[in-house]
Every structure is written in C-alpha cells, then in structure tokens.
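Written below as structure tokens is the structure these notes are about.
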Amino acid sequence: MFDLLIKEAYLPDGRGPVNIAIKDGKIAAIGQNTPDNAAEIIDAKGQLVSPPFVDPHFHMDATLSLGLPRLNQSGTLLEGIALWGELKPMLTVEAVVERALRYCDLAVSQGLLSIRSHVDVSTAPLTGVEALLEVRKTVAPYIDLQLVAFPQDGLFRAEGAEENLMRALDMGVDVVGGIPHFERTMEDGARSVKRLCEIAADRGLRVDLHCDESDDPMSRHVETLAAETTRLGLGGRVVASHVSAMHSYDNYYASKLIPLIAESGMHVVPNPLINITLQGRSDTYPRRRGLTRVQELRAAEVNVAFGQDCTMDPWYPLGSADMLEVAHMGVHAVPMTSREAMEWAFHSVTMGGAAAMGLPDPTLREGGPANMLLLQARDPIEAVRLKATRLAVIRGGKVLSRTAPRIAQLSLEGRPDSVNPADYAPPQNT
C-alpha cells in the first residue's frame, strides 16, 4: 500500500494526467495506471503538481519588524540601512526567533520550503546569527534554511566586521556574504570581493554577495566577482544578488560583462519586488525599472533565479512569502510576456532557485523525494497569472498545509493560435 496517492495531476513539463504514488517519503511511481491502493488519496482534478518554491535571497533577521523603531519615510535603500542600524541594538534573540518562526509558518503555507537568508554580522553581539541558527534547527523538518554571513555595513567599512564574519562561519553559518558597493570607496569594494571569495575558497564554502544594488552606472563590482569566481574556480558556488546597476550600464560595457558572468558559472539573483521599489528613487522621468538585464543574462545561459528579499521590514512594507507574487512582478518589471518567458518565471522560483542555493535538482521523478505542491492551476503560466492557491503542500510524503480552492477563476484550455473568449468561462465549482 502507498502512503499517499495524488490522482489526475499535471506536471510542469506538460505531462498528464498522471498519478503520483508516494511511499516512505519518496515518489514510488508516476504514471497513468497506478493502483488506487493508498492510505490517503488526493484527487488533483487536472491541476498542477510542481516542486516546492525556493527563495534564494531573504533577510529573516529583519522580517516582520515593520515600524520598529520607526517607518522608512523615503522608501530608499539607504534610509532602510540607516533604520536597520537603529533597530539592531534593540534586537533580542527571543524576538528574532519569534518573528522568524512566524514567517516560516507563513512560508510553509505558501509552499516555500527552501530559503537562503542573509544575517547581519557587521557588529557584535551576533544576535541575529544566534537566533537564526536556532531557527534553522527548529524548522529543519520542513524548511531547508541556509544562512549567509552578511556584513551589512561593509566588510572594511564596519570595524570588526571581518572578525565577526569569521566567527559567524565558525558558529555554523553556511555562506560567505558581502556588500562591496557599500564600502567607502570603489577600491575597498573590489578588495572586499577578493577577500570574501578567498575566505570562501579556503573554507570550501559558497559565496553570495549583494552586488551593485545601486543606480550608479559606475558600480561595477560584479565584474570583479566574475573574475574572482573564475580565478579561484568557485563556479556555481557563487551568487551575485540584485546587480541592479546593470540596468544603468551602457550597452557596450554590458555586452562585455555578461559573457564574463556566463564564463564564471555563477548565478544571478534579482529581487523584483524590492528592486522595482527601492531603485530609481532619485530619478525624475524617465524612471528606471531597477531590475537587472534578466533576458540578456538568460540568453547567455546564466542561471537567473528570482528572490523575495524582504517582508515587512525596514526596506519593504509589503510581502507575503509568496514566490508566485515574486515571479508575477518579475514578468511585469523585466518586462517579459512571451509564453516561454512566463513559464521560465515559474521555473526561476523553483528549479532556478534550487540551483542557485546548490540544492539537489527538485524535479519530480520516481525515486526522488516526495516534496511537492498541488496548485490550483493547470500549468506554470496559469500559476503565475493567478498566483495560484496552494491546495496542498507536501514534504517527505506528508501533507504540511492545505488551503481551500478559490470558487471562481478564469482558465484557458490548451494553447490555441487565437484566443476564444468563451474559453475563459469560469469552471464549475468543485
């Protein structure tokens, strides 16, 4: 007998309807003739079953702290950093743990089961590190939580930041972080990139740098990061996050830079919700969108994965742990509305995020882990369009969360060359 059987499901690659049989936390079979012999049966009714969502860029030490000690009135990145500096002395391990665990509960309900969180190590005591190490242990049964030692105030700009970063790594933090564009000079920024990559290489760790999160066309630290990634052979262990200054680079420089990024093998993680709200604040009109050159990076076969970055904190007053909202904003902000690109946006918050974090390929396959979502959508594009309800969230073959379906939604059957409005009729209630 199977532990769980999901009937009449469609997979992200278009296969279906299929049955997915689960036994002992693994996918025992995927096919059309699986016996109805299971302790629990879920009828997918032609809806989409996909890998869980992945967020490769978040700040869990700050999450849900909106309004403490005050609000960000300008909405800018720099005021957010200043506000975080005011909040840090007020942090306690207990408060950070409580907010983070509330966020993790929300994340599970949204099907978000893998998160990489940066944690500030600029100043002692390492309250956030201590708290999130405790959180990582608590949520391990249902969330893969990676932690990045992040010197928010600059590796060289903040006194003692390197010592604190090394101590955080010794405590068990997973990834080396940095913020070269926030150092005092361009030279210090480049020097910080080299030092951080060398630390990672020496320790056999991954690297994830906030890189050129700026509107400044002369902020070009991603070039140094690509060079160091190649020099040290770090390859796919490196992520350049944000890289929003690339929207301001002239086309000739970008045409030189993007092949260097591709050659290095590193990943790029833009954060559509945050980049489109924090960037371009000093512009009048025309105003820049704030997002990096997603389509050009994709064309060069760079793995680009969307991240969420913030939820209700000094930088962003919104957010809901919803990676489909992130993908949805990415479609609009890039912009990219071809069917191929919209489908890619879905994969960027599943497969792409997993690759950026160095996680195993989450493709649903026989013998693989039974981690999956049942979404109220027929395919990945419809999931992004509708920000589909997570009907069931499953990890290790166990249902962690269920949400009732929406009563009415518009669906398009098939992919015809021309659209028939009658195809948009609401489905019958189930």
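The values are calculated or read from the model by the stated rules, or taken from the named source; none is laboratory data. As the structure is a prediction and not an experimental result, all values here were calculated from the model. Virtual Cβ from ideal backbone geometry, glycine too; neighbours counted across all protein chains shown.
Structural remarks
- Residues that are over 27 Å from the mean Cα position of the chain (by Cα) and over 13 Å from Glu366 (Cα atoms), drawn from the range 7-30: Lys7, Glu8, Gly16, Pro17
- Elements of type strands (runs of 3 or more DSSP E) contained in the range 28-82, each with 1 or more residues being in contact with a strand residue (DSSP E or B) (Cβ under 6 Å, 6 or more places away or on another chain) and under 30 Å from Phe182 (Cα atoms): 53-58
- So Ala9, is it at pLDDT 95 or above, over 22 Å from Met351 (Cβ atoms), crowded, with 17+ Cβ neighbours inside 10 Å and not assigned by TED's automatic domain parsing to the domain that holds Gly111: no
- Top-ranked residue in the range 157-173 [being out of contact with any helix residue (DSSP H, G or I) (no Cβ under 9 Å at 6 or more places or on another chain) and in a loop (DSSP other than H, G, I, E, B); ranked as surrounded by the fewest Cβ atoms within 10 Å (Cβ to Cβ)]: Glu159
- Residue in the range 328-340 that is under 24 Å from Asp216 (Cβ atoms), surrounded by fewer than 16 Cβ atoms within 10 Å (Cβ to Cβ) and at pLDDT 95 or above present: yes
- Test for Gly396: is it under 17 Å from the mean Cα position of the chain (by Cα) and either at pLDDT 95 or above or surrounded by 12 or more Cβ atoms within 10 Å (Cβ to Cβ) (or both): no
- Residues (part of a loop (DSSP other than H, G, I, E, B), under 22 Å from Ala240 (Cα atoms) and within 21 Å of the chain's Cα centre (by Cα)) located in the range 122-156: Pro151, Gln152
- The condition of being under 16 Å from the mean Cα position of the chain (by Cα), of a type in the set (Val, Ile, Thr) and over 27 Å from Arg287 (Cα atoms) holds for only one of Thr363, Thr350, Thr389, that being Thr350.
- Test for Val326: is it within 28 Å of Leu11 (Cβ to Cβ) and in a strand (DSSP E or B): no
- Residue count for the range 60-90 under the criterion of being within 24 Å of Leu145 (Cβ to Cβ) and in contact with a Pro (Cβ under 9 Å, 6 or more places away or on another chain): the result is 9.
- Count of residues meeting criterion [in contact (Cβ under 8 Å) with a residue 24 or more places away in the chain and assigned to a helix (DSSP H, G or I)] in the range 180-212: 19
- Ala82 being free of Cβ contacts under 8 Å to residues at least 60 places away in the same chain, surrounded by fewer than 17 Cβ atoms within 10 Å (Cβ to Cβ), at negative phi and within 25 Å of the chain's Cα centre (by Cα): yes
- Taken as a whole, the condition of being more than 20 Å from Val175 (Cβ to Cβ) and either in contact (Cβ under 8 Å) with a residue 40 or more places away in the chain or touching a Pro at 6+ places or on another chain (Cβ under 9 Å) (or both) does not apply to Leu359.
- Among all residues of the range 299-317, there is none that is in the same structural domain as Arg237 (by TED's automatic domain parsing), in a helix (DSSP H, G or I), within 26 Å of Ala226 (Cα to Cα) and not hydrophobic (A, V, I, L, M, F, W, C).
- Failed item in (1) surrounded by fewer than 23 Cβ atoms within 10 Å (Cβ to Cβ); (2) assigned by TED's automatic domain parsing to the domain that holds Gln279, with Met60 passing the rest: (1)
- Ser114 vs. criteria out of contact with any helix residue (DSSP H, G or I) (no Cβ under 6 Å at 6 or more places or on another chain) and not in a helix (DSSP H, G or I): yes
- Considered as a group, the residues in the range 137-154 that are more than 30 Å from Glu183 (Cβ to Cβ) and among the charged types (D, E, K, R) include one that is surrounded by the most Cβ atoms within 10 Å (Cβ to Cβ), and that residue is Asp144.
- Note on the range 13-39: among residues that are more than 18 Å from Leu113 (Cα to Cα) and in contact (Cβ under 8 Å) with a residue 60 or more places away in the chain, the one that is surrounded by the most Cβ atoms within 10 Å (Cβ to Cβ) is Ile20.
- For Pro259, the criteria (1) under 24 Å from the mean Cα position of the chain (by Cα); (2) buried (at least 22 other Cβ atoms within 10 Å of the Cβ); (3) modelled with pLDDT of 95 or more hold in every case but one, which is (2).
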